[in-house]
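Here is the structure we will look at.
The values are calculated or read from the model by the stated rules, or taken from the named source; none is laboratory data. A quick note: this is a predicted structure, and the numbers were derived from the prediction, not measured. No Cβ is skipped: glycine too gets one built from the backbone with ideal geometry, and neighbour counts run over all protein chains shown.
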């Protein structure tokens, strides 16, 4: 894989140290880009700034000194444990330590980075070549065993280059572009922060979907990928993440946010441009209950989840039930793997358009939002289908004889 290797060690700039010699060995390879870091605080900043890096070679013990005149007074080592616990890292983490690492720390980090973090004792020998071969071999073996990670790396690099291009173009058009978009949205009654971000994301998307390298890599990966099929639960978990996002505690109100009112759930239906203006008075919701999907199936085909195995033989009935997820009937909408319960991914939401719309006053909905929202484009599909259902137009009745005559 392409990308920078981050080499974080407090001795990496000490010219007599094995760490410095090891860094020089990596740096001498024209096929490798490596960035040395000797300060644990800079490690966190670099990880947050460099979104795509090939690997993180990380020392465990960083010396730190008291801030006084006596520079020889050394206090206990600073470890990267807390940093690793709060930062999500997609790349391989190669902990390269002189001292032993507590088993409890290893266990917790292995749970946070399953299959992506490795622990290696530093060698006391001067054999830099051997250490270099060992570490690079581990990185290459990891990449060979995780070829599926190559596409996200290319994807991330594509986003990075697109972001830089867009910033340059917007800056050239108007140095105050953020303020202009912000104030325009604010004066129009929209939530200005979200409007700035949404416009920028739309521009990024338009560039990313044109990137030949990414498009070709996706096609080639799918064509040559021979991995086994995902099991049912992992596939449902995947689509649960695609359909729904877990909200941060202070996330702003947006169209698609999910609420719970007693035994009913509600999806915030008010368009984004009106949420900010109406939130202090009342907002629109589409309401439904958890058990409605099972009731819908039972009424339709006398079906229950207990009978699924016996029903499989009835192919026509099976195809009809599976077809309900295509939302071909304009009178209702089904959302699969709805987050009714955490870590349970086979529960669907059934939204009956005939009896779903409701206006909730501020004191009725405030504090009732759960930690999930329905992502785009699914919230916009839901809105469009509901509006199409409510705006449907009937046709005049015509006599049966006329129908028969037109069938001749």
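Residue-wise test of (1) free of Cβ contacts under 8 Å to residues at least 40 places away in the same chain; (2) within 30 Å of residue 118 (Cα to Cα); (3) part of a helix (DSSP H, G or I).
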position	(1), (2), (3)
148	no, yes, yes
185	yes, no, yes
215	yes, no, yes
222	yes, yes, yes
Query raised in the report: Considering only residues of the stretch 329-352 that are touching a residue at least 60 places away in the same chain (Cβ under 8 Å) and not in a strand (DSSP E or B), which is surrounded by the most Cβ atoms within 10 Å (Cβ to Cβ)?
Result: 338
Query raised in the report: residue 108: within 32 Å of the chain's Cα centre (by Cα), surrounded by fewer than 18 Cβ atoms within 10 Å (Cβ to Cβ) and farther than 16 Å from residue 5 by Cβ, yes or no?
Result: yes
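Please go through the stretch 187-197 and give me each residue that is in a helix (DSSP H, G or I) and buried (at least 16 other Cβ atoms within 10 Å of the Cβ), ordered by number. Show your work before the answer.
So the first thing to find is which residues in the stretch 187-197 are in a helix (DSSP H, G or I), and the list is 187, 192-197.
Scanning the stretch 187-197 gives 192, 194, 195, 196.
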Query - Within the stretch 209-239, considering residues that are buried (at least 16 other Cβ atoms within 10 Å of the Cβ) and in the same structural domain as residue 160 (by TED's automatic domain parsing), the one nearest to the chain's Cα centre (by Cα) - result: 214
Query raised in the report: Quick one: residue 245 ticks every box in (1) touching a residue at least 40 places away in the same chain (Cβ under 8 Å); (2) over 30 Å from residue 161 (Cβ atoms) bar one, so which box is it?
Result: (2)
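Answer with yes or no whether residue 375 is within 30 Å of residue 198 (Cα to Cα) and at pLDDT below 90. Please lay out each step first, then the result.
Values: within 30 Å of residue 198 (Cα to Cα): yes; at pLDDT below 90: no.
So residue 375 does not fit the description; no.
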Query raised in the report: Give me the pairs: first residue in the stretch 5-23 and assigned to a helix (DSSP H, G or I), second residue surrounded by fewer than 19 Cβ atoms within 10 Å (Cβ to Cβ) and modelled with pLDDT under 90, beta-carbon distance under 7 Å, and six or more apart or on different chains, which are they?
Result: 18/126; 18/128; 21/128; 22/128
